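K.L.:
One structure is given below, represented as structure tokens, and several questions about it will come after.
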Amino acid sequence: MSVIMATATSLAVGSIRSRRSTSGVTRFKMAVRSSSISVAVAPMLTKLQQDCATPLPVLRSVADSMSADMRAGLAVDGGSDLKMILSYVDSLPTGDEKGLFYALDLGGTNFRVLKVQLGGKDERVISTESEQLSIPQELMSATSEELFDFIASVLENFAQKGGNFNLPPGRKGEIGFTFSFPVKQTSIDSGILIKWTKGFAVSGTAGKDVVACLNEAMDRKGIDMRVSALVNDAVATLAGARYWDDDVMVAVILGTGTNACYVERMDAIPKLQGDFSPSRRTIVNLEWGAFRKGLPLTVFDRDMDAASINPGEQANSKFNLSMLTPISLIFEKTISGMYLGEIARRALMYMAEEGSLFGKSVPEKLSLPFVLRTPDLSAMQQDTTDDLQTVGSVLYDVAGVESDLNSRKIVLEVCNTFVKRAGRLAGAGIVGILQKIEEDTKGAIFGKRTVVAMDGGLYERYSQYRRYLKEAVAELIVPETSRNIVIEHSKDGSGIGAALLAATNSKYERNL
Ligand code: BGC
């Protein structure tokens, strides 16, 4: 590690903390204890803050590059880091949708199954029943059949429970399948998995149609249902939010992973072949996790990327479909929930080893990848006690770290540095999208109320993250215009959105 210089100078003097035994941690380098933590660590922190800084010119350049990459990806497949995937969602929900529809939502750590009864313009969403399960860890690296058999059995149990609403006799259950991984969509109800993200490493799915995988699993169980819409979670969120508000133009997911999509004019998509739909508009899925231009990165990001199951250089090298070019996912790794805790852990580990952040010994547990999670960062940042008790107990519970007030303050600074960078970069990305639409159609975005629908646990539950994101948007857009931009949490837009898209694409002529 060369980026941050350690400056520990004098030998250990007494610590105000109780010390943990160092037995069992001999494989760790014993750092020289400086006379004060801050003497050794302060320059490291300063360097980290400099490396992560996102002043206005950096934000501006990220927003501009995002717009430029969007154009390049719309021109031709493989034209940029952004895949600009055509969703085949050409007609958005109108409010007229009626009947009972299912939604399956496989996206991150959780899997959800929903049943939604739609009642048309007057009654809208009459009822929603749902069940949520954590994806068992072992299934994240199982075989494709095992994963899809699990999904099918959860669906089967759920559907058998009955409930207040049922399908009319003779009618098959129709499913909106929210599948939140990069998929090359081949129609509204089929698409090929480009690669797994978010820690999934299921064998035998990449390069296959995920709807076919689900259909085969349903056949194995004798479930008589069909997928009528395959959608990304960002796309489902946009559809769900648009159902309530015609001004929604963009949707962004900030959760375990991250992504964005928006409503585009078909004549602004050079790579689009075939007839335009009557609406002449479609939703485009950026897969913006793969964006990488002008991001302020640190050695910790690079090390984490290199150690990940999908490092930039190697991703997808075994597939040769034209869409399947390497994905570095650096934007995702810099701004999304799966990674923020891990980047912070790496920085803290470095400070512990090279700057004696936690005293003489380096806490063994802190060396475990992903032991510090983004919700831990959020919990620590909500701490309002004078002696930062929550920070202390999170550090102890999660990483076995005994800390004093000084080290807790530094830990908070480290968390804040990465969260600030993440929120501000996400904000710049959103402005990049708005800018692109505005450049094509003057006034379509900035001249009127425009809503960006947000979803995902990171956005929902990390207040500092939200604040940094909104601050960056406000810095980048002039005040008269930014008043028109509404960044709104669309709770559970994605579940209802998928059911709505199942209805919009129902094979039955009239929804019941
Ligand atoms: C996936 C996207 C998804 C996003 C948010 C990313 O890892 O590649 O398809 O929309 O996570 O769930």
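K.L.:
With a 1.4 Å probe and every protein chain left in place, tell me how much accessible area ASP246 has, in Å² to the nearest 10.
P.N.:
120
K.L.:
Percent antiparallel among DSSP beta bridges with both residues in the chain, to the nearest 5?
P.N.:
Roughly 60 percent of the DSSP beta bridges within the chain come out antiparallel.
K.L.:
For labels at ASP386 and ARG449 in the simple 7 Å Cα→Cβ model, what's the distance in nm?
P.N.:
So the label points at ASP386 and ARG449 sit 4.7 nm apart.
K.L.:
A further question on this structure: Rounded to two decimals, what is the ratio between the C-alpha radius of gyration of the range 67-217 and 2.2 N^0.38 Å?
P.N.:
1.17
K.L.:
To continue, here is another question. Over 10 Å intervals from 0, what percent of Cα-Cα pairs in the range 38-78 sits in each interval?
P.N.:
26, 27, 22, 17, 8, 1
K.L.:
Further, regarding this structure: 7 Å from Cα along Cα→Cβ at both ASN406 and ASP122: what's the point-to-point distance in nm?
P.N.:
Using points 7 Å along Cα→Cβ, the separation is 7.2 nm.
K.L.:
Check cross-link reach from LYS507 to the lysines: straight Cα distance under 21 Å, and skip same-chain residues fewer than eight apart.
P.N.:
Correct list for LYS507: LYS98, LYS115, LYS121, LYS172.
K.L.:
Something else now. Could you work out how much longer the chain between GLU460 and SER134 gets when fully extended? Use 0.36 nm per residue separation minus the Cα distance between them, nm to one decimal.
P.N.:
Residue separation times 0.36 nm, minus the Cα-Cα distance, leaves 115.5 nm.
K.L.:
Also: Let me have the 222 nm mean residue ellipticity of the chain computed from DSSP H runs of 4+ only, each contributing -39500 (n - 2.57), with the sum over all residues rounded to the nearest 500.
P.N.:
-12500 deg cm²/dmol
K.L.:
Same structure, new question: Name the residues of the range 330-355 whose amide N is less than 18 Å from a point 7 angstrom out from the Cα of GLU413 along the C-beta direction?
P.N.:
344-355
K.L.:
Then there's this: Taking amide H positions as placed in the peptide plane 1.01 Å from N, state which residues far from VAL125 in sequence (5 or more) or on other chains have amide H under 5 Å from it.
P.N.:
GLY119
K.L.:
Using the Karplus curve 6.51 cos²θ - 1.76 cosθ + 1.60 with θ = phi - 60°, what ³J(HN,Hα) values do you get for each residue of the range 99-115, in whole Hz, with x for Gly and Pro?
P.N.:
x, 9, 9, 9, 9, 10, 10, 10, x, x, 7, 10, 10, 10, 10, 9, 10
K.L.:
Using only the alpha-carbon atoms, what does the range 175-239 span along each of its principal axes? Please give whole angstrom values in decreasing order.
P.N.:
Answer, in whole Å and largest first: 30, 30, 19 Å.
K.L.:
Let me ask another. Would you list, by chain and number, the lysines whose Cα falls below 19 Å from the Cα of LYS360, excluding same-chain residues fewer than 8 positions away?
P.N.:
Here the lysines satisfying the reach criterion relative to LYS360 are LYS29, LYS409.
K.L.:
A follow-up question, please. Lys and Arg at +1, Asp and Glu at -1: add these up for the other residues within a Cβ distance under 12 Å of THR441 and post the number.
P.N.:
0
K.L.:
Need the full-extension length gain, GLU364 to ASP224, defined as separation in residues times 0.36 nm minus the C-alpha distance. One decimal, nm.
P.N.:
Length gained between GLU364 and ASP224: 45.2 nm.
K.L.:
Do me a favour and compute the ellipsoid semi-axes for the range 315-463 from its Cα gyration tensor, root of five times each eigenvalue, largest one first, whole Å.
P.N.:
36, 22, 12
K.L.:
How would you order 181-188, 62-69 from highest to lowest mean count of nearby Cβ atoms within 10 Å?
P.N.:
62-69, 181-188
K.L.:
What are the lysines whose alpha-carbon lies under 16 Å from the alpha-carbon of LYS271, with same-chain residues fewer than 8 places away excluded?
P.N.:
Excluding near neighbours in sequence, the set is LYS83, LYS184.
K.L.:
Across 5 Å bins from 0, what is the distribution of all Cα-Cα pair distances for the range 374-419, in whole percents?
P.N.:
Per 5 Å bin, starting at 0, the Cα pair percentages come out as 5, 26, 38, 25, 6.
K.L.:
At a 1.4 Å probe radius, carbon and sulfur cover how many percent of the accessible area of the chain?
P.N.:
50
K.L.:
Rg/Rh for the range 175-296 to two decimals, with Rh computed the Kirkwood way over all alpha-carbon pairs.
P.N.:
0.99
K.L.:
Now for a separate question. Just report the Cα centroid separation between the range 119-149 and the range 362-438, whole Å.
P.N.:
A separation of 30 Å, based on Cα centres.
K.L.:
In whole angstrom, note down how far apart the Cα centers of the range 286-308 and the range 196-263 are.
P.N.:
Answer, in whole Å: 24.
K.L.:
Mind listing the Cα extents of the range 169-212 along all three principal axes, in Å, largest one first?
P.N.:
Largest first, the range 169-212 extends 41, 20, 16 Å along its Cα principal axes.
K.L.:
To continue, here is another question. Less than 14 Å Cβ to Cβ from GLY423, Lys/Arg counted +1 and Asp/Glu -1: what total charge do the surrounding residues give?
P.N.:
Cβ neighbours under 14 Å give a net charge of +4.
K.L.:
Further question: Any idea what diffusion coefficient the chain gets from Stokes-Einstein, in µm²/s, Kirkwood Rh on alpha carbon pairs, 10 °C, 1.306 mPa s?
P.N.:
D, rounded to a whole number, is 66 µm²/s.
K.L.:
Once you have the Cα-Cα distance between GLN160 and ALA42, take 0.36 nm times their residue separation minus that, and quote the gain in nm to one decimal.
P.N.:
36.5 nm
K.L.:
If you don't mind, another one. Would you mind working out the accessible area per residue for the range 70-206, using a 1.4 Å probe, and quoting it in Å²?
P.N.:
37
The values are calculated or read from the model by the stated rules, or taken from the named source; none is laboratory data. Keep in mind that this is a model prediction, so the values were computed, not measured. All Cβ positions, glycine included, derive from the backbone under ideal geometry; neighbour counts span all protein chains shown. With ligands, DNA and RNA removed, areas are computed over all heavy atoms of the protein, side chains included. Shrake-Rupley method; radii C 1.70, N 1.55, O 1.52, S 1.80 Å.
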